[in-house]
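Data first, discussion second: the structure below is written as structure tokens.
The values are calculated or read from the model by the stated rules, or taken from the named source; none is laboratory data. This one's a predicted model, so the numbers in the text were calculated from it and none came from an experiment. Cβ placement follows ideal geometry from the backbone for every residue including glycine, while neighbour counts extend to all protein chains displayed. The protein model used for the area step is the full one, side chains on, heavy atoms only, and it has no ligands, DNA or RNA in it. Shrake-Rupley method; radii C 1.70, N 1.55, O 1.52, S 1.80 Å.
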Amino acid sequence: MAARINKKRSFLFVSKVLGKHLPVRPATSVLSGMALAARLLEERYSLEVAELPAIVQGIVHQEKSDEILHQLLLHPFELPEPLLFIGFAETATALGHSMFSAFGSKTEYIHTTRERINELPSTIDFEEEHSHAVAHHFYPVNKNLLRSECPIVLVDDEITTGKTALNIIREIQRHFPRKQYIVASLLDWRSQEDHRKFQELEAELDIKITAISLLKGEIEVNGAIGEQPTQQTIVASAHAGTAPVVIPLETAALTKLSFSSITPSGFINTQPYLLETGRFGITAEKQRELHGTLRELGQALQQYRTGRALCMGTGEFMYVPMMIAAFMGDDVLYQSTTRSPIHPAAKEAYAVQNAFSYESPDDPAIPNFIYNIPEQRYSELFLFLERGTSDERLNSLYAALAQLPIPHKYVVMFC
């Protein structure tokens, strides 16, 4: 558990498998999404999944995760019908992608985004009411992505009330109606009242909503909301001041999309995006090609390693770095930066021990955070950026990286 700096919701469940706030073996994080895929086959289609016990072993005993993930990538699950998977930004972009990647065909994946794209209209917009950043946008390059009547699988790391899922279901039904939705999450904490709201929406829209999770229960929160601290904790280190080395990753195997983003202040970044992130939609066929490419990139980055490495995704850009990290050899951990403000406290059993803040390179008005970097744990840091930007907008990030107690720091830049 951790305390949010958020007046709408004061608490946060910090996952040990998601790969966001806490480091995890990258294969373990991917397996958590594949466990949801197996649960989907069991719950919706009443199919027995022989691989589920092995997946659970890979989550509980992380040292086994690499071998189990490799086998599942070679032998993906098959679905009785086409499905569209949608992951929620920013935290569940990799979880949704991992769940989608468990299937060999009949699937497509896209994740929502907080970003504004100049060249595309947002197909649907909805809000995550409790969040520090409420607006979600949706930019499929395939204009017909939502026009089919296939069931939609909505993937989030945690459901507390389910309002976010209900909001997007209502918005989709307004424009692209269908009969079936599946809401998948690692944790499901809905109360009886929250379950009733799901049933009411089913009756109102004449639809069926199936909820699946790895852990389900109820919670009760007591206590006052804490005040926001005046500044985030920044830990000084013997290695503070060392500048990161930029590694440009150029490969024709990844598809560049020439879209630009715009911030509320009007700044336009014309650096291209990657199709393979899923932000604009990705098919099962394209996904099968992706793993070979990410394996090659991971093996190429191994040459920079000297010891235990921490690989770090940035914001919504999580799945591609996570899978590259899974192919970088032994003793590699993965986590991601986040825009979620959390109270850090060096207390036993508290989930966020320290915090490093910086201005987002995409939008300096948005603070971003790196959590839980202990002293003398890592030899190298590999931080992955999907897109470049101006040197001025990278200065704050580089200053934060200089504070991290890690001797060797690399910024891996795709565009």
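The Cα-based radius of gyration and maximum Cα-Cα distance (Dmax) for the chain are 20.3, 61 Å.
Going toward the positive end of the dipole of segment 53-172, with +1 on Lys and Arg Cβ and -1 on Asp and Glu Cβ, which of 159, 82, 137 do you reach last? Among 159, 82, 137, the one farthest towards the positive end of the dipole of segment 53-172 is 82. Among 364, 264, 177, the largest mean-square fluctuation in a Gaussian network model of the chain, built with springs joining Cα atoms closer than 10 Å, belongs to 264. Here the chain has 50 percent of its accessible surface on carbon and sulfur atoms, given a 1.4 Å probe and all protein chains in place. DSSP bridge analysis restricted to the chain gives an antiparallel fraction near 30%, rounded to the nearest 5. Model label sites at residue 106 and residue 10, defined 7 Å from Cα along the beta-carbon direction, differ in position by 4.8 nm. A full extension of the chain between residue 218 and residue 67 corresponds to an added length of 50.9 nm, given 0.36 nm per residue minus the alpha carbon distance. Between the residues 118, 56, 46, the greatest Cα displacement towards the positive end of the dipole of segment 1-151, with unit charges on the Cβ of Lys, Arg, Asp and Glu, is found for 118. Can you tell me how segment 261-415 classifies by the Cα gyration tensor, rounded, prolate or oblate, using a/c under 1.5 as the rounded cut? Note, shape of segment 261-415 comes out oblate.
Counting only alpha carbon atoms, the long axis of helix 65-74 and the longest principal axis of the chain meet at about 50°. Stretched out straight at 0.36 nm per residue, the stretch from residue 296 to residue 81 would grow longer than its current Cα-Cα span by 74.2 nm. For the chain, the solvent-accessible area with a 1.4 angstrom probe is 42 square angstrom per residue.
Residues considered: 30, 352, 17. Largest GNM mean-square fluctuation over the chain, using C-alpha springs under 10 Å, is found at 352. Backbone phi angles across segment 282-288, fed through the Karplus curve with coefficients 6.51, -1.76 and 1.60 (θ = phi - 60°), yield HN-Hα couplings of 8, 8, 4, 5, 5, 5, 4 Hz in residue order; Gly and Pro are listed as x. Extending 7 Å from the Cα toward the beta-carbon at both residue 116 and residue 176 defines two label points whose distance is 2.3 nm.
Here the gap between residue 163 and residue 46, fully extended at 0.36 nm per residue and compared with their Cα-Cα distance, gives a gain of 39.4 nm. Taking the centroid of alpha carbons for each part, segment 368-415 and segment 253-325 are 16 Å apart. Computed from label points 7 Å out along Cα-Cβ, the spacing between residue 199 and residue 308 is 4.9 nm. Backbone N atoms of segment 171-185 closer than 17 Å to the 7 Å Cα→Cβ label point of residue 206 belong to residues 173-181. For the chain, the dipole from Cβ point charges (+1 on Lys and Arg, -1 on Asp and Glu) about the Cα centre works out to 260 debye, to the nearest 20. Computed from the C-beta positions of residue 247 and residue 191 and an R0 of 60 Å, the FRET efficiency is 0.80 to the nearest 0.05.
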